[in-house]
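Peer 1: Here it is, the structure, as structure tokens.
Every number here is computed from the coordinates shown, using simple stated rules; none is lab data. Bear in mind that the values here come from a model prediction, so they are computed numbers and not experimental data. When we count neighbours, we look across all protein chains shown, and the Cβ atoms used for this are built from the backbone with ideal geometry, even at glycine.
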Amino acid sequence: MPALKESKKYTVQDYMTWNDSQRWELIGGEPYDMTPAPNINHQIIVGNFLRILSNDLLGKPCVPLVAPTDVVLSEYDVVQPDLLVVCDRAKITEKNIQGAPDLIIEVLSPATAKKDLWEKKNLCERYGVKEYILVDPEGRYAQRFRLGADGRFDRGEVFGPGETMTLHTLDNLKVPLWEVFGIAPPENG
């Protein structure tokens, strides 16, 4: 739900003046308040995913980052994904990421699920994020969208908690989803 009711279209310059004690995103010039803070299960999943990514990417050019990290996609679009990976270090500045990350992972929460499923997914497609992953802590599944040669996301592929998801953008990194969800591995795994 938009945080401010004015009809003004806000820019990155406006965004940079807002109070640092609150988390915001800007999509199409419309501000979104990122409060309340995510619940503990959300944060555990983010931490587990970050650990897997960090272990695999150690010594490689790609950098995994967590929220709150500003990703500036345009004059009217700034997002703070739960997790992101940037492989082009020229996009990393002291204050933010300039341009599309290679990978964005959003852990769904009731306050942000609709925005993550629609607005943010469409935004990531438009700006060329190579892989966009939605993780549902309640349903214990992940849905991965890959950018095709036509510049559009595919229909998406769903993975359950007992499966391994391959991140094609990161040299086919295998992610055991039971580790992401913090549950026992499958008996045949």
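Peer 1: Largest first and to the nearest Å, give the Cα extent of the stretch 128-189 along each principal axis.
Peer 2: 39, 25, 15
Peer 1: Could you list, by residue number, the cysteines of the chain that have no other cysteine's beta carbon within less than 4.7 Å of their beta carbon?
Peer 2: Result for the chain is C124, no neighbouring Cys Cβ within the cutoff.
Peer 1: Calculate for the chain the 222 nm mean residue ellipticity that helices alone would give, adding -39,500 (n - 2.57) per DSSP H run of length 4 or more and normalising by residue count, nearest 500 deg cm²/dmol. Walk me through the numbers before you get to the answer.
Peer 2: Details: 4 runs with 34 residues, N = 189.
Calculated at 222 nm, the ellipticity per residue is -5000 deg cm²/dmol.
Peer 1: Still on this model: In nm, what is the difference between 0.36 nm times the number of residues separating N39 and E187 and their Cα-Cα distance?
Peer 2: Full-extension gain reported as 50.4 nm.
Peer 1: Let me ask something else about it. Can you pull the one-decimal nm distance between simple spin-label points at A90 and K9, each 7 Å off the Cα toward Cβ?
Peer 2: That separation, rounded to one decimal, is 2.9 nm.
Peer 1: Using the count of nearby Cβ atoms within 10 Å as a rough guide to exposure, how do K91, K121 rank from fewest to most?
Peer 2: Sorted ascending by nearby Cβ count, the order is K91, K121.
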